[in-house]
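Asks: My questions will all concern the structure given below.
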Amino acid sequence: MYMKHKMMRVLGVGALMLGLAGPALAAEGGFAYVDLDKVFDQFYKTKLADGQLKEQADQYREERTKMVDDFKKLQDDFKTIRDESQNTALSEEARNTRRSEAEEKLVELRESENKIRRFEESRRRQLDEQTRRVRTKLVDEIKETLAVHAREKGYTAVLDASGENLNGVSTVLYYDSKADITDALISLLNKGKP
């Protein structure tokens, strides 16, 4: 019982010291908060990168459209030759020739279909990888600018107020809006905007 009472006193003193140290730390260096989602969205380089990625995706779509058009033409050719191979007005020899041609077209058709599938998978991977690289580069630049700004202002820590936990609740439940440096960070990042 004595040990338990002593331990409670130690914990109480520790909590009191933390309670007193918290405001002292905040007054000394302070904590700042930033909405990284907003910063990322309003960073001019994000918009430029999105434009470039969209342009590349459009080029891929055009390539795919051309491949699909070629595939449809092959399909039409196959159907025409197949129908001719079943035409009783043609001689047996002509129908056999058409059947052979239809089989060759069918092989060509399947190869074309596989080529489109491989193209789509390859381009999707390339676009996903490029998007990941671009996002990482932009986030690194944001973090670098944020770190410089935080050191200049003497902040002890900067917390992201845009995140949510697994329950969909904001990870930062309250902060004084005076400690929000989102707009200042956006201004710093967009200083070099052409």
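Asks: Mind putting a number on the dipole of the chain about its Cα centre? Charges go on the C-beta only, +1 for Lys and Arg and -1 for Asp and Glu, and I need it in Debye to the nearest 20. Can you show the working numbers first?
Replies: Details: 35 positive and 36 negative charges, 198 e Å.
Value, rounded to 20: 960 debye.
Asks: Taking only complete DSSP H runs, can you tell me which helices of the chain stretch 27 Å or more along their own long axis by Cα positions and average at least -1.0 on the Kyte-Doolittle scale?
Replies: Membrane-span-like by this rule: 2-28.
Asks: If each of Tyr174 and Asn96 carries a label point 7 Å out from its Cα toward its Cβ, how far apart are those two points in nm?
Replies: 9.1
Asks: Then there is this: Accessible area per residue for the chain in Å², computed with a 1.4 Å probe and the full protein assembly in place, what is it?
Replies: On the way: 14370 Å² over 194 residues.
Heavy-atom accessible area per residue stands at 74 Å².
Asks: While we're here: Using 7 Å Cα-to-Cβ label points, what is the Tyr44/Phe119 separation (nm, one decimal)?
Replies: It works out to 3.8 nm between the two label points.
Asks: Going highest first, how would you order 97-110, 124-137 by mean Cβ packing within 10 Å? It would help to have the intermediate numbers written out before the result.
Replies: Numbers: 97-110: 15.1, 124-137: 12.3.
In decreasing order of mean packing, 97-110, 124-137 become 97-110, 124-137.
Asks: On to the next question. Sum -39500 (n - 2.57) across every DSSP H segment of at least 4 residues in the chain, then divide by the residue count to get the 222 nm mean residue ellipticity, nearest 500.
Replies: Working: 5 runs with 146 residues, N = 194.
Using -39500 (n - 2.57) per qualifying helix, the result is -27000 deg cm²/dmol.
Asks: Need one number: nm distance between label points at Leu53 and Lys153, each 7 Å from Cα along Cα→Cβ, rounded to one decimal.
Replies: Spacing of the two 7 Å Cα→Cβ label points: 2.7 nm.
Asks: Can you tell me the order of 47-53, 32-38 when each peptide is scored by its average per-residue count of other Cβ atoms within 10 angstrom, highest first? Before the final figure, lay out the partial values.
Replies: Details: 47-53: 13.4, 32-38: 19.4.
Ranked by mean Cβ neighbours within 10 Å, highest first: 32-38, 47-53.
Asks: Further question on the same structure: Amide H neighbours of Tyr33 under 5 Å, at least 5 residues apart or on other chains, H built in the peptide plane: list them.
Replies: The answer is Leu159, Asp180, Ile181.
Asks: Anything over 32 Å Cα to Cα? Flag those among Lys47/Lys153; Lys54/Lys153; Lys72/Lys137; Lys115/Lys193; Lys38/Lys66, in the order listed. Please list the in-between numbers first.
Replies: Numbers: Lys47/Lys153 28 Å; Lys54/Lys153 38 Å; Lys72/Lys137 41 Å; Lys115/Lys193 42 Å; Lys38/Lys66 38 Å.
The pairs that break the limit, which is 32 Å between Cα atoms, are Lys54/Lys153; Lys72/Lys137; Lys115/Lys193; Lys38/Lys66.
Asks: Also, I was wondering about something else. Take the alpha carbon atoms of segment 100-118, find their center, do the same for segment 39-94, and report the distance between the two centers in whole angstrom.
Replies: Cα centres, segment 100-118 to segment 39-94: 14 Å.
Asks: Please work out how much length the chain gains when fully extended from Thr65 to Arg132, using 0.36 nm per residue of separation minus the C-alpha to C-alpha distance, in nm with one decimal. Can you show the working numbers first?
Replies: Details: separation 67, 0.36 × 67 = 24.12 nm, distance 2.54 nm.
Length difference between fully extended and current span is 21.6 nm.
Asks: Between Ala161, Ala147, Ala89, where does the largest GNM mean-square fluctuation fall for the chain, given springs only between Cα atoms within less than 10 Å?
Replies: Of Ala161, Ala147, Ala89, the Gaussian network model singles out Ala89 as fluctuating most.
Asks: Counting only protein heavy atoms, what percent of the accessible surface of the chain is carbon or sulfur at a 1.4 Å probe? Show your work: numbers first, answer last.
Replies: Details: 7720 of 14370 Å².
Reported share for carbon and sulfur atoms: 54 percent.
The values are calculated or read from the model by the stated rules, or taken from the named source; none is laboratory data. Everything quoted here is computed from the prediction, not taken from an experiment. Virtual Cβ from ideal backbone geometry, glycine too; neighbours counted across all protein chains shown. Keep in mind that these areas ignore ligands, DNA and RNA; they rest on the heavy atoms of the full protein, side chains included. Shrake-Rupley method; radii C 1.70, N 1.55, O 1.52, S 1.80 Å.
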